[in-house]
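**Student:** Dumping the structure here so I can ask a few things about it.
Just so you know, all these numbers are worked out from the coordinates, no wet-lab data involved. If you're wondering where the values come from, they're calculated on a predicted model, not measured in any experiment. Every residue, glycine among them, receives a Cβ derived from its backbone with ideal geometry; neighbour counts consider all protein chains shown.
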Amino acid sequence: MIQKRFKNQICKKDGKKEGFTLAELIVAMSVFIILTTIAVGVFIQTLRSQRFLIDLMAINNNAGLVLEQISREIRTGYNFSTSTGSNVGCSAKLCFINYEGNKVSFDLVNDRVVRKENDLVSIPISAPDVLVKNLSFLVSQENQSGLKPKFCNPWRVTVLMEVASKKADVVQTIPLQTTISSRVLPVEAPGASEEIIEQCGGS
């Protein structure tokens, strides 16, 4: 009984089976193609966005490591000077003496941050795929108390850096800035002048 009803439903009165017309097939295929095109476009855009974010994260991570290495050395360094400062003995962006008593300098060479110790070979510390567009250092000794000369205060170094990717599809520039204070007071620095010891030695 059920089979008979089913047969009656799929058959027309003239005995021919029902099917799709050409117009229906064209409409169905058009809808399918449109939906597939939209899905593929969304997928490709998602892949591009993911690649872009991965590149930005890699730039950020590497720039953070560079800043951390510079900051770590500045905290235990002394006698800071810059190429734009009054000290003419520094030809790099930043020069100072580290905790081991060695002369250390940081500079920007071929869009990479390089570190040099005792005027030997420069060693790049930023990744080759990271474009460092700007690197500058501001050295100051802020006079907080006003009771002693300015040169008695600890050195403060502000690092300004702009980084980007060398890949053509990532054009965003990331500005970074940090300020580090040296833990070595000028009066405690090895080789401090008699003037500094005399004027900064007492409390």
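**Student:** Rank the residues Tyr99, Tyr78 as a footprinting-exposure proxy: fewest other Cβ atoms within 10 Å of their Cβ go first.
**Tutor:** Ascending Cβ contact count within 10 Å gives the list Tyr99, Tyr78.
**Student:** To continue, here is another question. Taking K and R as +1 and D and E as -1, what net charge do the other residues with C-beta under 14 Å from the C-beta of Asn98 add up to?
**Tutor:** Value of the local net charge: +2.
**Student:** Using the beta-carbon distance between Val121 and Leu53 and R0 = 41 Å, what value does 1/(1 + (r/R0)^6) give for FRET efficiency, to the nearest 0.05?
**Tutor:** My answer for the efficiency is 0.70.
**Student:** Size of the range 22-200 along its principal axes in angstrom, Cα-based, largest extent first?
**Tutor:** Ordered largest first, the range 22-200 gives principal extents of 101, 38, 24 Å.
**Student:** What is the sum of charges around Ile180, taking Lys and Arg as +1, Asp and Glu as -1, for the other residues whose C-beta is under 11 Å from the C-beta of Ile180?
**Tutor:** Result for the neighbourhood of Ile180: +2.
**Student:** Next up: For the pair Glu198 and Glu100, what calculated FRET efficiency results from E = 1/(1 + (r/R0)^6), where r is the Cβ-Cβ distance and R0 = 35 Å, to the nearest 0.05?
**Tutor:** Working from the Cβ atoms, E equals 0.80.
**Student:** Sorting Val104, Val40 on the 10 Å Cβ count, fewest up front, what's the list?
**Tutor:** The most exposed by this proxy come first: Val40, Val104.
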